[in-house]
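Enquirer: Below you'll find the structure I mean.
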Amino acid sequence: MADLSVEFCGVHFQNPIVLASGVLGVTADSMAQVVRNGAGGVTSKSLWPYEHKGHPNPTIITSEHWMLNAVGIPDAGPEKAREELARYREVCDAPFIANIVGGQMEDYVAIAKEVALMKPDLVEINISCPNVEDELGKPMACSIAKSSEVTRLVKEALAEAGAPHLPVVVKLSPNVENIVSIASSVLEAGADGITAINTVGPGMAINIETAQPILANRVGGLSGPAIKPLAVKYVYDIYRAKKCPIIGTGGVLTGRDAIEMMMAGATLVGVGTAVWARGQEVFGLIVNEMNEWCDANGVKKLSDLIGKAHPKN
Amino acid sequence: MLILNTLPQVVKIKKIVQENEQVKTFVLDLSLGAKPGQFVMVWLPRLDEKPFSVAMDNGVELHLAIAAVGPFSNALHALKEGDQVGVRGPFGTEFACEKGQRLLFLAGGYGAAPLYYFAHKASAMGCQVEFVVGARRKDLLLYTERAEQLKNVHVHVATNDGSAGFEGFNTVLMEKVVEDAEAEGKPVDCIYTCGPEIMMLKAAQLAERKNIAAQISVERYMKCGFGVCGNCCVDGLGVPSCVSGPVMPLEKVLQLKDFGKYHRDHLGKKQYFNF
Ligand SMILES: Cc1cc2nc3c(=O)[nH]c(=O)nc-3n(C[C@H](O)[C@H](O)[C@H](O)COP(=O)(O)OP(=O)(O)OC[C@H]3O[C@@H](n4cnc5c(N)ncnc54)[C@H](O)[C@@H]3O)c2cc1C
Ligand SMILES: Cc1cc2nc3c(=O)[nH]c(=O)nc-3n(C[C@H](O)[C@H](O)[C@H](O)COP(=O)(O)O)c2cc1C
Ligand code: FES
């Protein structure tokens, strides 16, 4: 049995597989169940500083190779988040990543202050959701100035709220011209790591009998196996340029996929859409497959594989 | 079972039957091989999509019994025969029984429809079914006439106002039927229930007290229907009720922290039952 544990921004994870934001992340007990199923840690669904309605249904549709979602990040606000995180701590030891989002700059500050008091292990800033574009969504994901500003503001807010050492990762969108320059700028603004990537697109699926887009929101973020090569490439590019801690997310279904993501440079591997393809048990399945691969290939410590696909200078 | 393709199929409404002032049965021109207890998502483009239990899937047609309670179900009720709807599924777990068993069904509201479908199957498996149905008054009863026609299915009616059958709650009638079965020397093997949570809570409590097996249809606010969004996850177990339910055995239901106490709305916020 290989040592599967990893250190990420100073936080210890028993294994590198973490639940990606937005999937099975509404309640504490659901996230605790994801850990019981084998995940090394979890990420909450994006938290808002106020109650935020999502989109009407259909919000998630799938075909054999992809998923489109336009859930629209519904959230009941900080009071619920506080209760759920407290409950999570009662029932589960694995690290908790609080993913935060807002419609405006001030929102990120407000939710960061709230979250600081909830004492998560890490904060992930979502600047990249493609299905709330009418709000901050795309304008921020693509702007070096805005994404570094939000990082700086969140860091300051956490410090003000008494959590100056709480590590912050910024979750980037693949729908940008140069993801490495966004990554560089948020790291310079104080981010401790990067999550790459959020969903791609948005995309659309049309029902031809009714000639209507299927998602009520018409468009939604693309995830699942179809986006894995993009995710691997972006993780690779960011790691090559910055050698920073990365949560590699996008299309991981199997232990081999997760190892590929680590070789590209990821320390943690986010898993979301795979729940659709392999069920709630997918986390443990992936961890077992990684372990078997390590054993079969004489790898004693999984973390030795991080960035292995990069040439040694 | 894992479902990879969840794109809705668009089908014609073959027939619409007004069952009572609240409920219409929609007969759709397709079969999804859905089992009793499972549900489908019904889609109206540009409006919404919601879960509905299967009231019959006979290999040719799919029946859904839909109560008009809000914007989406009212929009469905405004449709005409020949109009189209989208459906995807089937999703979730099914009711199960063994050959020759004696079963008690407890139904309230539209819950009578999926239990009718199950009665159909149980009857064919040589089971004896005590079908306890309740409604506020006689003209709100659902599927009782249909159920009475099934072999070895005995319908027991309760109405709050006494306009038909037993006067009072069907949960009180249920206890009586269970005790009569005991007295007869052929006790009930399993209790099945679908309908309002307070009613199902009473059924669970009776089953626990009397040490009878039970299968309970736990309905929570569902968005995706296939275990991804997490909105329908039940507290205690933390599993999505759209995949690990809606039908759950009593042992599981007794581990739920929310059963009989609260459910979560579309934002994931707890809404306490006030009964
Ligand atoms: C597994 C399952 C099976 C169901 N089977 C049937 C059925 O056979 N017949 C039937 O008439 N109804 C059934 N329902 C309930 C049905 O989905 C809702 O009553 C209906 O969608 C109401 O929508 P609306 O817009 O008309 O009303 P709204 O005003 O939106 O809602 C009225 C009430 O319905 C419930 N509801 C609304 N949306 C949902 C949702 N997405 N998931 C769960 N509950 C919801 C809530 O309790 C809400 O308070 C089932 C629900 C579930 C979860
Ligand atoms: C249904 C669904 C909801 C999502 N919601 C969020 C969210 O609230 N916040 C966020 O940062 N990312 C969200 N995402 C993006 C995922 O966290 C992840 O970055 C993306 O789906 C790619 O990974 P995957 O292919 O493993 O799902 C969501 C994805 C899906 C499929
Ligand atoms: S409805 Fe989405 S997980 Fe159950």
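Only the coordinates and a few stated rules stand behind these numbers; no lab work does. Quick caveat, the model's predicted, so the values are computed rather than measured. Neighbour counts are summed over all protein chains in view; Cβ atoms, including those assigned to glycine, are modelled from backbone coordinates with ideal geometry.
Enquirer: Determine, yes or no, whether B:Gly230 is within 14 Å of chain A (Cβ to nearest Cβ) and at positive phi.
Expert: Judged against the criteria, B:Gly230 is a match.
Enquirer: Do any residues in the range B:218-233 that are more than 14 Å from ligand 2 (Cβ to nearest atom) have Cβ atoms under 7 Å from those of residues that are of a type in the set (Val, Ile, Thr) and not in a loop (DSSP other than H, G, I, E, B), where the two are at least six apart or on different chains, and which pairs are they?
Expert: Every condition considered, the pairs that remain are B:Val218/B:Val253.
Enquirer: Filter the strands (runs of 3 or more DSSP E) completely within the range A:1-49 down to those with at least 1 residues that are within 17 Å of B:Val228 (Cβ to Cβ) and within 16 Å of ligand 3 (Cβ to nearest atom).
Expert: Hits in the range A:1-49: A:17-19.
Enquirer: Being among the aliphatic types (A, V, I, L, M) and more than 7 Å from chain B (Cβ to nearest Cβ) is the filter here; which residues of the range A:39-65 pass it?
Expert: Passing the criteria: A:Ala39, A:Val42, A:Leu47.
Enquirer: Checking the structure you have, find out if any residue of the range B:4-15 is among the β-branched types (Val, Ile, Thr) and within 16 Å of ligand 2 (Cβ to nearest atom).
Expert: Looking for residues that are among the β-branched types (Val, Ile, Thr) and within 16 Å of ligand 2 (Cβ to nearest atom), one finds at least one in the range B:4-15, hence yes.
Enquirer: In the range A:187-244, which residues are within 16 Å of ligand 2 (Cβ to nearest atom), over 15 Å from A:Leu68 (Cβ atoms) and of a type in the set (S, T, N, Q)?
Expert: A:Thr195
Residue by residue, here is whether (1) part of a strand (DSSP E or B); (2) touching a residue at least 60 places away in the same chain (Cβ under 8 Å); (3) under 25 Å from A:Ser223 (Cα atoms); (4) within 16 Å of ligand 3 (Cβ to nearest atom) holds:
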| residue | (1), (2), (3), (4) |
| --- | --- |
| B:Val17 | yes, no, no, no |
| B:Gly37 | no, yes, no, yes |
| B:Ala65 | yes, yes, no, no |
| B:Lys99 | no, no, no, no |
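Enquirer: Any idea which of B:Gly236, B:Gly185 is more than 14 Å from every other protein chain (Cβ to nearest Cβ) and on the phi > 0 side of the Ramachandran plot?
Expert: Of B:Gly236, B:Gly185, the one residue that is more than 14 Å from every other protein chain (Cβ to nearest Cβ) and on the phi > 0 side of the Ramachandran plot is B:Gly185.
Enquirer: Please verify whether the range B:247-265 includes one or more residues that are part of a strand (DSSP E or B), free of Cβ contacts under 8 Å to residues at least 60 places away in the same chain and within 14 Å of another protein chain (Cβ to nearest Cβ).
Expert: yes
Enquirer: Out of the residues in the range B:24-33 meeting the condition of being surrounded by fewer than 23 Cβ atoms within 10 Å (Cβ to Cβ) and within 16 Å of the chain's Cα centre (by Cα), tell me which one is nearest to the other protein chains (Cβ to nearest Cβ).
Expert: B:Lys24
Enquirer: Further question on the same structure: Counting only residues that are within 13 Å of chain A (Cβ to nearest Cβ) and near ligand 1 (Cβ under 8 Å from one of its atoms), how many does the range B:50-89 have?
Expert: 7
Enquirer: What pairs can you find where one residue is in the range B:119-143 and in contact (Cβ under 8 Å) with a residue 24 or more places away in the chain, the other is basic (Lys, Arg), and their Cβ atoms are less than 6 Å apart, with a gap of 6+ or different chains?
Expert: B:Ser123/B:Lys151; B:Met125/B:Lys99; B:Gly126/B:Lys99; B:Gln128/B:Arg102
Enquirer: Here's something else I'd like to know. Of the residues A:Arg89, A:Arg36, A:Arg82, which single one is out of contact with any strand residue (DSSP E or B) (no Cβ under 6 Å at 6 or more places or on another chain), among the charged types (D, E, K, R) and more than 14 Å from chain B (Cβ to nearest Cβ)?
Expert: Criteria check complete, one pass: A:Arg89.
Enquirer: Further question on the same structure: Go through the residues of the range A:218-225 one by one and say whether even a single one is surrounded by fewer than 24 Cβ atoms within 10 Å (Cβ to Cβ) and farther than 22 Å from B:Met41 by Cα.
Expert: Yes, that holds for at least one residue.
Enquirer: Taking the range B:58-75, which residues are surrounded by fewer than 24 Cβ atoms within 10 Å (Cβ to Cβ) and either hydroxyl-bearing (Ser, Thr, Tyr) or over 21 Å from B:Thr193 (Cβ atoms) (or both)?
Expert: B:Asn58, B:Gly59, B:Val60, B:Glu61, B:Ala68, B:Gly70, B:Pro71, B:Phe72, B:Ser73, B:Asn74, B:Ala75
Enquirer: Out of everything in the range A:66-76 that is more than 7 Å from chain B (Cβ to nearest Cβ) and touching a helix residue (DSSP H, G or I) at 6+ places or on another chain (Cβ under 9 Å), what residue ends up being farthest from B:Phe52 (Cα to Cα)?
Expert: Checking each candidate, the answer is A:Trp66.
Enquirer: Still on this structure, I have one more. Counting only residues that are of a type outside the set (Val, Ile, Thr) and within 30 Å of B:Ser123 (Cα to Cα), which one in the range B:36-49 is farthest from the other protein chains (Cβ to nearest Cβ)?
Expert: My answer is B:Pro36.
Enquirer: While we're looking at this one, here's another question. Restricting to the range A:67-108, what's the tally of residues that are in a helix (DSSP H, G or I) and surrounded by fewer than 19 Cβ atoms within 10 Å (Cβ to Cβ)?
Expert: Going through the range A:67-108 one residue at a time, the tally reaches 10.
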